[in-house]
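What follows is one structure encoded as structure tokens, with my remarks underneath.
The values are calculated or read from the model by the stated rules, or taken from the named source; none is laboratory data. What you are looking at is a predicted structure, and each value in this text was computed from that prediction instead of being measured. Here the Cβ is made from the backbone with ideal geometry for all residues, glycine too, and neighbour counts use every protein chain on show. These accessible areas exclude ligands, DNA and RNA; they are computed on the full protein's heavy atoms, side chains included. Shrake-Rupley method; radii C 1.70, N 1.55, O 1.52, S 1.80 Å.
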Amino acid sequence: ILDAAEAVFAAKGFQGASLREIMLAANVNIAAVNYYFGGKPDLLRAVVGRRAVEVNGRRLALLDDAIRDGGGVASIDGWLKAYVTPVMEVEGGGDPGWHNFVRVLNWITTVRDTVCRQIEEEVYNDVKSAFIGSLAAALPDVNSEDLHWRYHCVVGVVRWCLAARDRAAAVSQGVISPNDIERMLDYVRPFLIAGLNASPIHIRPPYN
């Protein structure tokens, strides 16, 4: 049921997906879906939570390593590796469910409603707090607004690059390989490091 729901949510989003479609994809009756999950919101919560817990645990462990290696303050490179590596690793493992999972995340973060907002906060607020706190220690001259925007940009770039790999390959007319995750990281990593290390926004000239 979770695999089927993940695929349907990835294709249609929370609002567009129906329990009937999920039931047919999973080859179960509606009573089974309701019995195990109680409804569509809790089903989405279970879909997101089962993979997020794995990635979140790995991210926090790597962040702890980066902080320890930096003598109490993670380097920007170490911070970024802690955030990016776990999801890149699972995406490169060949399981299509992980690709669906990233697409589901893009749906719940871009199509805003109460259910999606609650699930995102439940699953990611602790990780977000840990990474923003660590980023603040690494960039002491950057104010809170700037830190939150930098974190937000990292999240957006990582999720979009993973979820839209096929689109990138099509736009590039085959120059970009949608399945070469390591190559993607070769480009994403220096791009994000440059953004994270940029001068604080309040001392830069305005964009015209």
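On the beta carbon distance between A32 and C153, with R0 = 41 Å, the FRET formula returns roughly 0.50. Note on segment 1-132: dipole from Cβ charges, positive end direction compared against W98, T85, V55; the farthest Cα belongs to W98. Taking only protein heavy atoms and a 1.4 Å probe, the accessible area of the chain is 55% carbon and sulfur. This structure gives Kirkwood radius over Cα pairs in Å, computed directly, and of (1) 18.0; (2) 16.8; (3) 18.5 that value is listed as (3). For every helix of n ≥ 4 consecutive DSSP H residues, a contribution of -39,500 (n - 2.57) applies; sum these over the chain, divide by its total residues, and give [θ] at 222 nm rounded to the nearest 500 deg cm²/dmol. Using -39500 (n - 2.57) per qualifying helix, the result is -25500 deg cm²/dmol. Placing R0 at 25 angstrom, the Cβ-Cβ distance between Y187 and Q15 gives a FRET efficiency of 0.15 after rounding to 0.05. Residues whose amide H lies under 5 Å from that of G70, counting only those 5 or more places away or on a different chain, are S75; hydrogens are built 1.01 Å from N in the peptide plane. Approximating the spin labels as points 7 Å out from Cα along Cα→Cβ, the N179-to-D166 distance works out to 1.4 nm.
Over the chain, Cα pairs under 8 Å with separation of 6+ residues give a relative contact order of 22 percent.
Accessible surface computed residue by residue for segment 68-208, with neighbouring protein chains in place and a 1.4 Å probe, gives 57 Å² per residue. Hydropathy at least -0.5 by Kyte-Doolittle, axial extent at least 30 angstrom from the Cα trace: which helices of the chain, defined as entire DSSP H runs, fit? Membrane-span-like by this criterion, though nothing is claimed about a membrane: 40-69, 114-138. Accessible area per residue was computed with a 1.4 Å probe on protein heavy atoms; M88 scores about 10 Å².
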